[in-house]
Amino acid sequence: MGLLSGQLWRTAGAALCVLLIASEAAAGICLEVDVTFAGRDPSPVTVQSMQSEASAIWQRYGVQLQWPPSRHDVQCLRVHGTFDVLVEYQASPVENASGSSVLGSTHLAPAAIDRARIFVDYDETEHLLESLSASRLIPLVGHPDIGPADIGRALGRVLAHEIGHVLLDAPRHQPWGLMRRSFAPDDLAARQRWSYTLSKKEVERLASRERDLNER
């Protein structure tokens, strides 16, 4: 499954959707996520921001992301799945039918989640952020230029989306929320994360997946 770049039209329906999202669920799932940056070493600030953002998005639903370098800080009683994430500094070779670039991609794992592979396109994500003008960035991030923490936050949101495809065993996208088809530049950059949520049905699916994973 892939996450496309694109503009997200904000309408009254979107606001209503956010108001109707399910309350936080205690799914009790732990996932180990191993990230490799191919091409060159990333800024430590970018890595930390990416990990913090992906963790925060899933934590509200009871899903804990465990990052191998910090195993001494975060200990799960049981790891329910593992991911191998590749972040590349080159244009993604994957495009949709209209020619839009893909920010990330993965393959579903309906059974055990064992070294599930995720691809995240660093350059395409950064390019999308850089399409925002300085006057637009100031209210979104508080400064006129894109910094390492901003890139990391955007990468974390792309990563959280792809994890969602695997964890929820969801091949299709949703109209709104974390699992929507495309992320607008504004939403990738903004410090707030109100638009990165799960629907009531997705929360129910998460609870079902927790039962399945605990039975394996």
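The values are calculated or read from the model by the stated rules, or taken from the named source; none is laboratory data. Because the structure is predicted, anything quoted here is derived from the model rather than measured. Cβ sites come from the backbone with ideal geometry, for glycine too, and all protein chains shown count toward neighbours.
Of the conditions (1) outside any helix (DSSP H, G or I); (2) loosely packed, with under 12 Cβ neighbours inside 10 Å; (3) free of Cβ contacts under 8 Å to residues at least 12 places away in the same chain, Pro110 fails just one. Which one is it?
(3)
Take the residues of the stretch 181-206 that are touching a strand residue (DSSP E or B) at 6+ places or on another chain (Cβ under 7 Å) and among the polar types (S, T, N, Q): which is farthest from Gly147 (Cα to Cα)?
The selected residue is Ser199.
Has the stretch 54-75 got any residue that is of a type outside the set (Phe, Trp, Tyr), more than 14 Å from the chain's Cα centre (by Cα), modelled with pLDDT of 85 or more and closer than 15 Å to Leu31 by Cβ? Talk me through it step by step, then tell me what you get.
Taking the stretch 54-75 and keeping what is of a type outside the set (Phe, Trp, Tyr), we get 54-57, 59-60, 62-66, 68-75.
Okay, now just the ones that are also more than 14 Å from the chain's Cα centre (by Cα), so 62, 66, 68-75.
From what is left, the residues that are modelled with pLDDT of 85 or more are 62, 66.
Within this subset, residues satisfying the condition of being closer than 15 Å to Leu31 by Cβ are 62, 66.
Checked against the condition, which is being of a type outside the set (Phe, Trp, Tyr), more than 14 Å from the chain's Cα centre (by Cα), modelled with pLDDT of 85 or more and closer than 15 Å to Leu31 by Cβ, the stretch 54-75 yields at least one hit.
Would you confirm, using the coordinates I've provided, whether Gln90 is closer than 30 Å to Arg211 by Cα, surrounded by fewer than 22 Cβ atoms within 10 Å (Cβ to Cβ) and modelled with pLDDT under 95?
Numbers: closer than 30 Å to Arg211 by Cα: no; surrounded by fewer than 22 Cβ atoms within 10 Å (Cβ to Cβ): yes; modelled with pLDDT under 95: yes.
So Gln90 fails the test.
Identify, by number, the condition in (1) under 16 Å from Glu162 (Cα atoms); (2) at pLDDT 80 or above that Gly2 doesn't meet.
(2)
With (1) closer than 18 Å to Glu202 by Cβ; (2) under 12 Å from the mean Cα position of the chain (by Cα) as the list, and Arg153 as the residue in question, which single condition is left unmet?
Condition not satisfied by Arg153: (1).
Identify, from the list Ser182, Ser208, Ser195, Ser199, the residue that is hydroxyl-bearing (Ser, Thr, Tyr), touching a Ser or Thr at 6+ places or on another chain (Cβ under 7 Å) and farther than 18 Å from Thr46 by Cα. Spell out how you get there, then give the answer.
Values: Ser208 fails: touching a Ser or Thr at 6+ places or on another chain (Cβ under 7 Å); Ser195 fails: touching a Ser or Thr at 6+ places or on another chain (Cβ under 7 Å); Ser199 fails: touching a Ser or Thr at 6+ places or on another chain (Cβ under 7 Å).
Residue meeting the stated conditions: Ser182.
Give the residues of the stretch 164-213 that are farther than 22 Å from Gly104 by Cα and touching a Gly at 6+ places or on another chain (Cβ under 8 Å), sorted by residue number.
Answer for the stretch 164-213, where residues must be farther than 22 Å from Gly104 by Cα and touching a Gly at 6+ places or on another chain (Cβ under 8 Å): Glu210, Leu213.
Restricting attention to the stretch 199-216, which residues are touching a residue at least 60 places away in the same chain (Cβ under 8 Å) and not in a helix (DSSP H, G or I)?
If the condition is that a residue be touching a residue at least 60 places away in the same chain (Cβ under 8 Å) and not in a helix (DSSP H, G or I), then Ser199, Arg216 are the ones that fit.
Go through Asp186, Asp145 for me and flag whichever is among the charged types (D, E, K, R) and in contact (Cβ under 8 Å) with a residue 12 or more places away in the chain. If you could, list the steps in order and put the result at the bottom.
Numbers: Asp145 fails: in contact (Cβ under 8 Å) with a residue 12 or more places away in the chain.
When all the criteria are applied, what remains is Asp186.
Search the stretch 189-206 for residues being within 23 Å of Leu155 (Cα to Cα) and of a type in the set (Lys, Arg), and hand back the single one that is nearest to the chain's Cα centre (by Cα).
If we take residues in the stretch 189-206 being within 23 Å of Leu155 (Cα to Cα) and of a type in the set (Lys, Arg), then Arg193 is nearest to the chain's Cα centre (by Cα).
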